[in-house]
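Below is one structure; the comments refer to it alone.
The values are calculated or read from the model by the stated rules, or taken from the named source; none is laboratory data. Fair warning: this is a prediction, and the values are worked out from it, not measured in the lab. Positions of Cβ are backbone-derived with ideal geometry, glycine not excepted, and every protein chain shown enters the neighbour counts. Quick note on the areas: whole protein, heavy atoms, side chains included, nothing else; ligands and nucleic acids left out. Shrake-Rupley method; radii C 1.70, N 1.55, O 1.52, S 1.80 Å.
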Amino acid sequence: MFALRTAVLDVLGRAVRSGPSLVSAGRQAAGCQTCFGETRTLAARASLVHVSRMYATVKSEGPSQLDDLPPTMFKKEYLGIKSAEEVNDVVKRLLSLDMANQADKLKIKIQQLVDKVRRDPDDRTSTEVHIAALTARIQNIKEHLQNNPKDKANKRRMLMSIDRRKKMLKFLRRTRYDAYEHVCTQLGIEYTFPPEYYRRATKRWIAKKAFCLQVYQQSKKLKENELSQKKKHIPKANPPLYVFPKPTN
């Protein structure tokens, strides 16, 4: 047992020292199956199982909002520069989205959404512009959380951004309803009204609410019965204000 454990740690240690690639560990273990007999064979199998498990945990990414961006498009910093079109292919590739990171692509997507809802070409601080930028960032974090559901920090940022966008949409709906409809149509946003109050529905609260409803219904029935009894009762004739005394003989 001790020899088996030593052989497994030896194979895995060689794989770690050889580099970060797990394929090299599997190939090295498979090539050394017949070197030292049955012990090395078991170690090779353990290493191959480790490699297969790592490959099985690879997650496939779903569709993204950045897929429609062409790779030949220049970054935001180099858009509209004529000299950027005259450089060679290698420099163009460095300046384009082909070798850009996620942040550079997100800047282009934000710019595209802002262009749809801005009031004029020089508008950079209006409510519509802020809503468009928040929408792009919220969608980007949603796609990130689909592959990394345990990222609590980004989830908190997304919820804060959603609350901020709701406040802006509420303000825009109250002040400029036409612009509000235009923003919702262009960005694909569906505004939902907030509840009357936020309260956690506990078992005690549900039982208390049901009891209060029963009390209210019973009191309502009692009031209706009293009102019906009053309607059935015939009122007496009003007595005269003054009664003349009878004459005496």
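Let's see how each residue does on (1) surrounded by 14 or more Cβ atoms within 10 Å (Cβ to Cβ); (2) part of a helix (DSSP H, G or I); (3) out of contact with any helix residue (DSSP H, G or I) (no Cβ under 9 Å at 6 or more places or on another chain):
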{"residue": "Leu134", "(1), (2), (3)": "yes, yes, no"}
{"residue": "Ile138", "(1), (2), (3)": "yes, yes, no"}
{"residue": "Gln146", "(1), (2), (3)": "no, yes, yes"}
{"residue": "Lys150", "(1), (2), (3)": "no, no, yes"}
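Cβ-Cβ below 8 Å, separation at least six or inter-chain, first residue in the range 197-215 and free of Cβ contacts under 8 Å to residues at least 12 places away in the same chain, second open to solvent by 100 Å² or more (accessible area, probe 1.4 Å) and not polar (S, T, N, Q): which pairs? Sorted first by the residue in the range 197-215, then by its partner, the pairs are Trp205/Arg199. Scan the range 214-249 for residues that are of a type in the set (A, V, I, L, M), at pLDDT below 90 and either in a helix (DSSP H, G or I) or under 55 Å from the mean Cα position of the chain (by Cα) (or both) and the total you get is 1. Picking from residues in the range 56-97 that are at pLDDT below 75 and in contact with a helix residue (DSSP H, G or I) (Cβ under 8 Å, 6 or more places away or on another chain), the one that is farthest from Thr135 (Cα to Cα) is Lys59. Identify the residue in the range 122-132 that is surrounded by fewer than 11 Cβ atoms within 10 Å (Cβ to Cβ) and of a type outside the set (Val, Ile, Thr) and, among all such residues, is nearest to Gly62 (Cα to Cα). Taking the candidates together, the pick is Arg124. Listed conditions (1) of a type in the set (D, E, K, R); (2) under 20 Å from the mean Cα position of the chain (by Cα); (3) open to solvent by less than 90 Å² (accessible area, probe 1.4 Å); (4) under 30 Å from Ser126 (Cβ atoms) are all met by Arg173, apart from (2). Any residue that is of a type in the set (Asp, Glu) and touching a residue at least 40 places away in the same chain (Cβ under 8 Å) - is there at least one of those in the range 121-137? Taking every residue of the range 121-137 in turn, at least one turns out to be of a type in the set (Asp, Glu) and touching a residue at least 40 places away in the same chain (Cβ under 8 Å).
Screening Arg157 against (1) surrounded by 11 or more Cβ atoms within 10 Å (Cβ to Cβ); (2) among the charged types (D, E, K, R); (3) over 23 Å from the mean Cα position of the chain (by Cα) leaves a single unmet condition, (3).
One residue stands out in the range 176-208 among those that are outside any helix (DSSP H, G or I) and open to solvent by 90 Å² or more (accessible area, probe 1.4 Å): the one that is nearest to Ala132 (Cα to Cα), namely Glu190.
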